[in-house]
Amino acid sequence: MKMKHFAFFILISALFMANMTAQEPLPVRGLAIAAPSARGLDAFLKFIETELAPARFNLLILRVDFNYAYESHPELRDASTLSKEDVKKIVNVCKKYDIQIAPQINLLGHQSWSTQTHNLLRAYPQFDETPHIKMPEKYEWPNADGLYCKSYCPLHPEVHEVVFALVDELMDAFETNLFHAGMDEVFYIGDDKCPRCSGRDKAELFAGEVTRIHNHLAARGGRLYIWGDRLIDGKTTGIGMWEASMNQTYRAIDMIPKEVFICDWHYETAHLTPVYFAMKGFDVASCPWRKPAVAVQQLEDMKRFRKQSARGMSKHFQGMIQTVWSGADGFLRSYYNPETYKNPESDAACLKRMIEEFTKNTDITP
């Protein structure tokens with residue numbers, strides 16, 4: 001009888017502990033947004049204190065790109081940038097409220113937008129994966145060149161010396177061990193005319209770049225965050241070419257380190273792809289944008305996945321990261337403008353709803 005009682009006690013304890021694990025608050029409650037301008041810095045700091053902190057946000061992904069006064073490569077600075085002193089103000093307010101910062105530089109893809117080439121390829125045109133494709137005077141999609149955004153060549157022998165210098169400098173400035181490399185919507189990769197990439201497996205090229213960035217960060221005790229779209233099979237899932245891959249990069253999911261954190265963005269539908277990433281062994285967060293109803297569904301799904309999954313998978317469902325794709329200064333003007341909310345679907349309305357959910361749900365915030 002004693003052995004039976006002991007076995008029963010062990011079983012009940014195991015079930016209790018499993019349930020306690022499932023009921024833990026979401027580890028990640030984040031916002032991904034562009035870094036503010038120097039002029040808009042004070043308003044941004046106030047926004048952190050009055051909006052994010054009370055709702056217990058604990059992650060701020062800041063899309064910095066070239067909006068910083070880099071000393072390692074000053075030729076890559078924007079015309080007007082945040083200074084080191086400006087960045088310290090952001091660091092200090094985030095430390096005050098236990099908010100981790102993950103600065104972002106778009107690596108590999110997003111090296112251009114519309115008719116403009118961004119700073120890296122302007123300063124180092126030799127890094128261009130597709131130099132034969134010229135930027136148009138007027139941008140239209142679709143176009144004959146399949147141009148969405150330019151990419152740098154991941155096999156160029158000098159590109160990482162430059163971009164890793166920026167990564168290191170930015171992480172030091174923000175006093176963080178987290179870095180977001182973007183890596184989304186990469187349409188130009190393994191181009192047939194690239195002297196280094198032509199004929200190579202696009203999945204292997206993508207995985208190689210993710211792994212190289214991961215290894216660089218890991219060597220300094222850092223962790224890599226990326227958007228997850230290139231790791232989803234757009235054809236099999238029916239998700240398509242934007243929120244998933246139609247150029248074969250999706251097979252890279254089995255080639256990259258499991259320590260990479262996946263930011264799984266879906267804006268129109270609450271696709272169940274977090275389960276896919278968790279089953280592959282990756283930590284994952286759902287990332288909404290402008291539809292509050294979709295965001296709430298993603299949040300409910302994330303909570304359900306954590307409660308109903310075995311311990312080995314439950315731990316990978318990390319939480320939610322709201323995204324904002326306008327400039328920070330303009331977004332804050334919109335966020336505090338009552339006229340914004342006449343349209344129920346906007347990034348401001350979606351963030352407001354996430355703040356409400358984070359504030360009222362005890363199974364989301366501590």
Please work out which one of (1) free of Cβ contacts under 8 Å to residues at least 24 places away in the same chain; (2) within 17 Å of the chain's Cα centre (by Cα) is the condition residue 283 fails and give its number. (1)
Please specify each residue of segment 305-326 satisfying the condition of being assigned to a helix (DSSP H, G or I) and over 22 Å from the mean Cα position of the chain (by Cα). 307, 308, 311, 312
Of all residues in segment 271-295, how many are of a type outside the set (Asp, Glu), outside any helix (DSSP H, G or I) and within 20 Å of residue 207 (Cβ to Cβ)? 4
Across segment 257-270, what is the number of residues that are in a loop (DSSP other than H, G, I, E, B) and either surrounded by 22 or more Cβ atoms within 10 Å (Cβ to Cβ) or in contact with a Gly (Cβ under 8 Å, 6 or more places away or on another chain) (or both)? 3
Enumeration of residues in segment 81-90 that are touching a residue at least 60 places away in the same chain (Cβ under 8 Å) and either buried (at least 18 other Cβ atoms within 10 Å of the Cβ) or aliphatic (A, V, I, L, M) (or both): 87, 90
Here is a list of conditions, (1) under 27 Å from residue 361 (Cβ atoms); (2) at pLDDT 95 or above, and residue 311 meets all of them except one; can you say which number that is? (2)
Residue in segment 193-208 that is nearest to the chain's Cα centre (by Cα), counting only those that are crowded, with 20+ Cβ neighbours inside 10 Å and in a loop (DSSP other than H, G, I, E, B): 197
Qualifying positions in segment 336-358 - free of Cβ contacts under 8 Å to residues at least 40 places away in the same chain and surrounded by fewer than 13 Cβ atoms within 10 Å (Cβ to Cβ): 336, 337, 338, 339, 342, 343
For segment 353-366, give me each residue that is touching a Phe, Trp or Tyr at 6+ places or on another chain (Cβ under 8 Å) and either of a type in the set (Lys, Arg) or over 15 Å from residue 288 (Cβ atoms) (or both). 365
Scan of segment 33-70 for residues that are farther than 23 Å from residue 172 by Cβ and of a type outside the set (Asp, Glu), ordered by number: 39, 40, 43, 46, 47, 50, 52, 53, 54, 55, 56, 57
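If you take the residues of segment 34-57 that are small (Gly, Ala, Ser) and over 17 Å from residue 365 (Cβ atoms), which of them is surrounded by the most Cβ atoms within 10 Å (Cβ to Cβ)?
35
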Can we say residue 207 is touching an Asp or Glu at 6+ places or on another chain (Cβ under 9 Å) and either within 25 Å of residue 61 (Cβ to Cβ) or acidic (Asp, Glu) (or both)? yes
List every residue pair whose Cβ atoms sit under 9 Å apart, with the two residues 6 or more apart in sequence or on different chains, where the first one lies in segment 216-241 and is without any contact (Cβ under 8 Å) to a residue 40 or more places away in the chain and within 19 Å of residue 323 (Cβ to Cβ) and the second, anywhere, is charged (D, E, K, R) and part of a helix (DSSP H, G or I). 239/229
Of everything in segment 121-170, what is in contact (Cβ under 8 Å) with a residue 12 or more places away in the chain and of a type in the set (Lys, Arg)? Give them in sequence order. 138, 150
Within segment 74-103, residues being closer than 24 Å to residue 183 by Cβ, part of a loop (DSSP other than H, G, I, E, B) and out of contact with any Leu (no Cβ under 6 Å at 6 or more places or on another chain) number 3
Residue list for segment 327-352, restricted to those being polar (S, T, N, Q), at pLDDT 95 or above and either over 13 Å from residue 288 (Cβ atoms) or outside any loop (DSSP other than H, G, I, E, B) (or both): 334, 337, 340
Tabulated pairs, segment 255-274, first without any contact (Cβ under 8 Å) to a residue 40 or more places away in the chain and of a type in the set (A, V, I, L, M), second crowded, with 22+ Cβ neighbours inside 10 Å and in a loop (DSSP other than H, G, I, E, B), C-beta under 6 angstrom, 6+ apart or interchain: 262/228; 262/282
Counting only residues in segment 58-80 that are of a type in the set (S, T, N, Q) and surrounded by 18 or more Cβ atoms within 10 Å (Cβ to Cβ), the one nearest to residue 27 (Cα to Cα) is identified as 58
Number of positions in segment 161-192 that are touching a helix residue (DSSP H, G or I) at 6+ places or on another chain (Cβ under 9 Å) and surrounded by fewer than 18 Cβ atoms within 10 Å (Cβ to Cβ): 4
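The values are calculated or read from the model by the stated rules, or taken from the named source; none is laboratory data. For clarity, every value in this text was computed on a predicted model and none was experimentally measured. Neighbour counts run over all protein chains shown; Cβ positions are idealised from the backbone, glycine included.
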